[in-house]
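Derivation of every value follows stated rules applied to the coordinates shown; laboratory data play no part. Quantities reported herein were computed from a predicted structural model and do not represent experimental measurements. Here the Cβ is made from the backbone with ideal geometry for all residues, glycine too, and neighbour counts use every protein chain on show.
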Amino acid sequence: MSAFHCVTGWTTFDNEWIGVTIKEVAERAQIRPTARFATFRCGDGYTTSHPVNVLYDSDVLLTYQWDGKPLPIEHGGPVRLLVPKRYAYKSAKWVRAITFTDEEELGYWEVRGYSNTADPLTEDRYSF
């Protein structure tokens, strides 16, 4: 169970997500030990990135099920990234590829002035 925070100010609580952890994906892919970041590329061209130490939290998932049902397309199905401790723009919809890199690539919103850390508890919305 986790909360889901939108940068516009709303939050939903007690969401039940089913998926695979990013740590498991990285282990199965046998990523390079020097890879410190991951960039997520989506079906609509959207991108976002995170440090792997954030992604390796046990609640960070590539999720395909929400509250007991397949993840609806309008909410990112069939597969979306879920990073509960960050604003939702860091939880990319329609994930199609993950690239593990040594250097971080800023994503769609981050290059437009949104915070790269996106912490809802501190209301960290903008990078300026």
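Once fully extended, how much extra length lies between Asn53 and Glu24, figured as 0.36 nm per residue of separation less the alpha-carbon to alpha-carbon distance?
9.1 nm
Can you tell me which of Gly107, Gly76, Gly68 moves the most in a GNM of the chain? Springs connect C-alpha atoms under 10 Å apart.
Fluctuation is largest for Gly68.
Is the shape of segment 76-128 rounded, prolate or oblate, going by the alpha carbon gyration tensor and its root eigenvalues a ≥ b ≥ c, with a/c under 1.5 for rounded and a/b larger than b/c for prolate?
Oblate, because a/c is 1.5 or more while a/b does not exceed b/c.
Using +1 at the C-beta of Lys and Arg and -1 at the C-beta of Asp and Glu, which of Leu81, Gly68, Val95 has the Cα lying farthest in the positive direction of the dipole of segment 4-109?
Val95
Can you tell me the length gained on complete extension of the stretch Phe13 to Lys69, counting 0.36 nm per residue apart and subtracting the Cα distance?
The Phe13-Lys69 span can extend by a further 18.5 nm.
So, with +1 on the Cβ of K and R and -1 on the Cβ of D and E, and no other charges, what is the size of the charge dipole of the chain about its Cα centre, to the nearest 20 debye?
About 280 debye.
Among (i) 41; (ii) 37; (iii) 31, find the value of percent of Cα pairs over 22 Å apart that was calculated from the structure presented, and write down its label.
Here the calculated entry is (iii).
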